[in-house]
Every structure is written in structure tokens, then in C-alpha cells.
Amino acid sequence: MEGITDRSFRKLVVETNPSFIGAVCTEFVRITQPPLSVEKLKLELGEKFEGPVHGIQLMGNNSQMLAESARNAAEAGADFVDLNFGCPAPRVLQHCAGSALLDDPPGMEKIISAVVQSCPVPVTAKIRAGGDDDSNLEDIAQRVEQAGATALCVHGRLRKEKYTDPCAWNRIQRAVEAVTIPVIGNGGVDTHADIERMRSETGCPAVMIGRAALSNPWIFSGENPKRETRIEWLKSYANRMEEGSANPTQALGRLKQAVKYMANARQLVLANGLAFSLRSPTKEALFESLS
Ligand SMILES: Cc1cc2nc3c(=O)[nH]c(=O)nc-3n(C[C@H](O)[C@H](O)[C@H](O)COP(=O)(O)O)c2cc1C
């Protein structure tokens, strides 16, 4: 999740839930002009590790730049390339990328086709159920399949619904029924039990978890560790970010996001309240505030 997670988060979450996670993917990488180089894409991907397949997610609206970047992503080591048609951020919409393309299903199909044709690894697409309504959902899903994508991830919310609850899972079921490629369900999976519930209610073979992976990194296995273990997890995350490429300000910002998500989801009780912890000027002060 762009701005709040990174490659060290993905690796740590996989290690926290051994054998429960089949695929991991980078945050979106915005593609304009020129295409992104193999070196930059390698940095986004980070070091690959045992277990899941590793994807790089690209977002943009220029099919040629996306196609070349996808080829570079494969050369950088991506096992698959995912195309983002779900982001509702105003800055992204201004540039007619992300979920803006849901309003132009033929244009979206052309982009996916161009990427599939030039990319030597499987290409997948992530969509929302629609922009302002879900009337084009089946058409969009079928175009994704027709363009050659090997899997489709459907976030059940509309663009206009942003991240509000509830997320209508019946839309995921509609996509499952509309295509023959595997549909990965996404949106509103907040507990371990929700994983199985989404699969049985919608028929999707796999589930993608967004924010709850941050608020409860044990959601995949269903373990429920004690408070100290959660704090130890945060310490490992902080150390790994520092060992990786995040600068101290970025690392502290992401650490605070994790604390905020955990506290808001009541997965971590904060001795001195959230506002106090979030004011911490250093990671040491932050951990002090938790104790
Ligand atoms: C801050 C933030 C950043 C996100 N960044 C990405 C992103 O880079 N790529 C992506 O596919 N989805 C991104 N998402 C969307 C999530 O992956 C997910 O589709 C959405 O939150 C719904 O799933 P959830 O209810 O399990 O969180 C982001 C969401 C948030 C809140």
C-alpha cells in the first residue's frame, strides 16, 4: 500500500505467516514517460525471498510506456506484473490513471493487451467494481480476460466509495461468474474468519488483504499473539526498514502508520493513548510511549 508499507513489510508479514501467503506485490509504481528502468524496478521489488511469487504493480495510461516498463519489471525479477485500475486518489485521477480507466473499458483493454504482448511474465489486473456505479463490472472483467490477463483482482468497492464500509462482496461474485480466469477478492477482509467467508460467499479462489495486514499482521494465519509479541513485531519492522532503503524520517512515518492502524483496529492497546505515541520524535520515544 503506497505510502504506508514497503518491501520490508511484505517480507516480515510473510515470515509472520509462514506458508499462508501465495503472492506479494509492490505498491503501485507510477509510469509516465520514459519507461521505468530495470534498476529502479529492482529497487521497488527488493530482494526476493522464499515462499510467495513476487509481483510489481504498475499504474499509468500510456500503453507503450507501460509495456516497456513491464518488460523491464520482468528483467528486474518480477514473477508477474500487476496493472492498477483501482486507485481513487485525486492526483492519480487527474492524470487519467488508476480507477479513472474504469470509465474507458476499451482503453483499459488496449493497455492490458499491449502489456501482455510485450511482457514475458504473467500479467494481472486489479480493478474496482466500477467508477460511479457497477453497471460495467461484467464488461470490464471480460475485457481484462480477453486482453490476456492471467488473473483479475476485484476490489468490491466503487471508485466513489473510496474506502468506506461495507464493501459489497456480491460484486466479487458477479466477476467470478463473468470470467474463467481466477478472481482474487479484495475489500473489507478485516479478520481471519473473513478470508474463508469471502471465498465461500463469492466463489473466489484467493483473497487479497490490504489494510488489515497492517492492523493485524497475523490475519493470514489467524494467530492471536500477546501484546509484547506485537510490540516486538513493530521493533523488527523498524529495524528492517532501517537496514533497507528507508531513511529515518520515512521509517518513523511508516512505523507510526502501523501503530495507528493497529490501535484503531484495537489490535494494540496503547498505554498513553494514540495521540501521545504519534507525537514521538524518534522511534525510541515511540517504543517508550508504548511501554
Ligand atoms: C493508503 C493506501 C494505499 C494503498 N495503495 C495501494 C497500492 O499501491 N496498490 C494497490 O493495488 N492498492 C492500494 N491500496 C488499496 C488496497 O490494496 C486495497 O485494495 C483496499 O484497501 C481494499 O482492501 P482492504 O479493505 O482489505 O483494505 C491502498 C490503500 C490504502 C488505504
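The values are calculated or read from the model by the stated rules, or taken from the named source; none is laboratory data. Everything numeric in this text was worked out from a predicted model, so none of it was measured. All Cβ positions, even for glycine, are placed from backbone atoms using ideal geometry, and neighbour counts span all protein chains on display.
Side notes on the structure shown:
- Checked against (1) modelled with pLDDT of 95 or more; (2) under 28 Å from residue 237 (Cα atoms); (3) within 16 Å of the ligand (Cβ to nearest atom), residue 74 passes all but a single condition, namely (3).
- Selection of the range 140-168 for residues being on the phi < 0 side of the Ramachandran plot and away from the ligand (no atom under 15 Å from the Cβ) yields 140, 141, 142, 143, 145, 146, 147, 150.
- Within the range 1-26, considering residues that are small (Gly, Ala, Ser) and in contact with a Pro (Cβ under 9 Å, 6 or more places away or on another chain), the one farthest from the ligand (Cβ to nearest atom): 22
- Of 215, 245, all but one fail to be more than 26 Å from residue 113 (Cβ to Cβ) and either among the acidic types (Asp, Glu) or modelled with pLDDT under 95 (or both); the exception is 245.
- All helices (runs of 4 or more DSSP H) inside the range 183-275 with 1 or more residues being within 16 Å of the ligand (Cβ to nearest atom): 192-202, 211-215, 248-264
- Scanning the range 105-132 for residues that are closer than 21 Å to residue 179 by Cα, touching a Lys or Arg at 6+ places or on another chain (Cβ under 9 Å) and charged (D, E, K, R), we see that the one that is surrounded by the fewest Cβ atoms within 10 Å (Cβ to Cβ) is 109.
- Each residue in the range 233-250 was checked for being touching a residue at least 60 places away in the same chain (Cβ under 8 Å), under 20 Å from residue 216 (Cβ atoms) and among the hydrophobic types (A, V, I, L, M, F, W, C), and 2 pass.
- Flag if residue 86 is buried (at least 23 other Cβ atoms within 10 Å of the Cβ) and either touching a residue at least 60 places away in the same chain (Cβ under 8 Å) or more than 15 Å from the ligand (Cβ to nearest atom) (or both): yes
- Options 51, 60: the member that is away from the ligand (no atom under 16 Å from the Cβ) and in contact with a helix residue (DSSP H, G or I) (Cβ under 6 Å, 6 or more places away or on another chain): 51
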